[in-house]
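Readers should treat all values here as calculations from the given coordinates under stated rules, not as data from a laboratory. Predicted model only: the values in this text are computed from it and were never measured. FYI the Cβ positions are ideal-geometry reconstructions off the backbone, even for glycines, and counts take in every protein chain you see.
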Amino acid sequence: MTLANLAPLTVTENGVPSPMTYGMDDTATTWDHSTIQGCVCENPELNTLSEREGGRTRITGYKCSEIMCPTGDDPITTSQSDEEQTFTCDKTSGTLVLTFRGKSTEPVSHSATASDLQDALESLSNLGQVEVVSSHSTICDASGADVSIVFLTEHGDVPSLEIFASSDSTYVVVSENVKGTKEDEECSSRGICDRSTGICHCFEGFGSSDGQDGPGARGDCSYFDLVRYG
């Protein structure tokens, strides 16, 4: 693709698409907008247990020939938190559409349960596991239902969800209740990435986690195995 075509596709801020333009006005400083070309790497949708647990690989490199390894939290660091976002919904009709890093859920009924909303979020191709809790039996209530969403497998300070309400064509306000402070490093800084396979080779005593300190299929070297280490 040309630089002009690449510009709106490749720029992100914390995973959120942030489109820009390059050379559309034919100025002298962007003369190469249609002459220089590059590649946009196509990444697979979530389809394995490790990806569902958040241990996703990503295709990279100027020829899309390298595979980045799963990222994770450094298990040696302590006193860190998962991101928690909250919102209050007083809608009595319509649906909600939630968007995370450019991907949107199917419309979710205002009368859906917390479990329904959790399923909708976890169906997104760029989101692993979340925990959803509502103060009411549904996610919206005339008196105002308080909903909490904890990101279990997306580490670090993740961007805020956007929530669009169909009933009045407005956006529901989302607040960051707890800022995510866990690392999100390749191989959790406890292994070496083989870019030809996208597989982490973990240091002694470390292994694949479930994204929450236990053993799992994430492939990130974030599980600290005290028995194996000792």
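Would you list 79, 167, 189 from fewest to most Cβ contacts within 10 Å? Mind showing how you got there, number by number?
Values: 79 5, 167 13, 189 18.
Going from least to most buried by this count: 79, 167, 189.
Report the charge-dipole magnitude of the chain in Debye, nearest 20, computed about the Cα centre from +1 at each Lys and Arg Cβ and -1 at each Asp and Glu Cβ.
Values: 13 positive and 37 negative charges, 86 e Å.
Approximately 420 debye in magnitude.
Order by neighbour count: 226, 121, fewest other Cβ atoms within 10 Å first, most last. Walk me through the numbers before you get to the answer.
On the way: 226 7, 121 21.
With the sparsest Cβ surroundings first, the list reads 226, 121.
Which of (1) 7, 28, 34, 23, 7, 1, 0; (2) 8, 27, 28, 22, 12, 2, 0; (3) 8, 34, 39, 17, 3, 0 is the computed P(r) over Cα pairs in 10 Å bins from 0, in percent for the structure on display?
(2)
Please compute the net charge surrounding residue 38, taking Lys and Arg as +1 and Asp and Glu as -1 over other residues with Cβ under 15 Å from its Cβ.
On the way: positive: 63; negative: 32, 42, 66.
Around residue 38, the charge tally is -2.
Can you sort 68, 20 so the residue with the fewest Cβ neighbours within 10 Å comes first? Mind showing how you got there, number by number?
Working: 68 17, 20 9.
The fewest-first ordering by Cβ neighbours comes to 20, 68.
Among the chymotrypsin sites (Phe, Trp or Tyr not before Pro) in the stretch 99-194, which ones are in a DSSP loop with at most 11 other Cβ atoms within 10 Å of the Cβ? Mind listing them?
Here no loop site has a sparse enough neighbourhood.
Please identify the trypsin sites (Lys or Arg not before Pro) of the stretch 35-67 that satisfy two criteria: DSSP loop assignment and at most 12 other Cβ atoms within 10 Å. Which are they? Please report the intermediate quantities before stating the final value.
Details: sites: 52, 56, 58, 63; in loops: 56, 63.
The qualifying sites are 63.
Using Cα-Cα distances under 8 Å and only pairs 6 or more residues apart, what relative contact order does the stretch 10-136 have, in percent? Don't skip to the end; give the middle numbers.
Numbers: 127 pairs, mean separation 23.9, N = 127.
Computed over the stretch 10-136, the figure is 19 percent.
For the stretch 83-88, take each phi angle, set θ = phi - 60°, evaluate the Karplus expression 6.51 cos²θ - 1.76 cosθ + 1.60, and give the result in whole Hz per residue in order, putting x for glycine and proline.
5, 10, 10, 10, 8, 10
Hey, got the dipole for the stretch 84-178? About the Cα centre, +1 on K and R Cβ, -1 on D and E Cβ, debye to the nearest 20?
On the way: 3 positive and 14 negative charges, 40 e Å.
With Lys and Arg at +1 and Asp and Glu at -1, about 200 debye.
Please give me the summed charge of the neighbours of residue 78: other residues whose Cβ is under 12 Å from its Cβ, Lys and Arg +1, Asp and Glu -1. Intermediate results must be reported in sequence, preceding the final value.
On the way: positive: 182; negative: 73, 74, 183, 213.
Result for the local shell: -3.
Residue 91: which lysines have alpha carbons under 25 Å from its alpha carbon, excluding same-chain residues fewer than 8 sequence positions away?
Those lysines meeting the cut-off are 103.
What is the distance in Å between the Cα centres of the stretch 169-230 and the stretch 110-125?
Going from one Cα centre to the other spans 24 Å.
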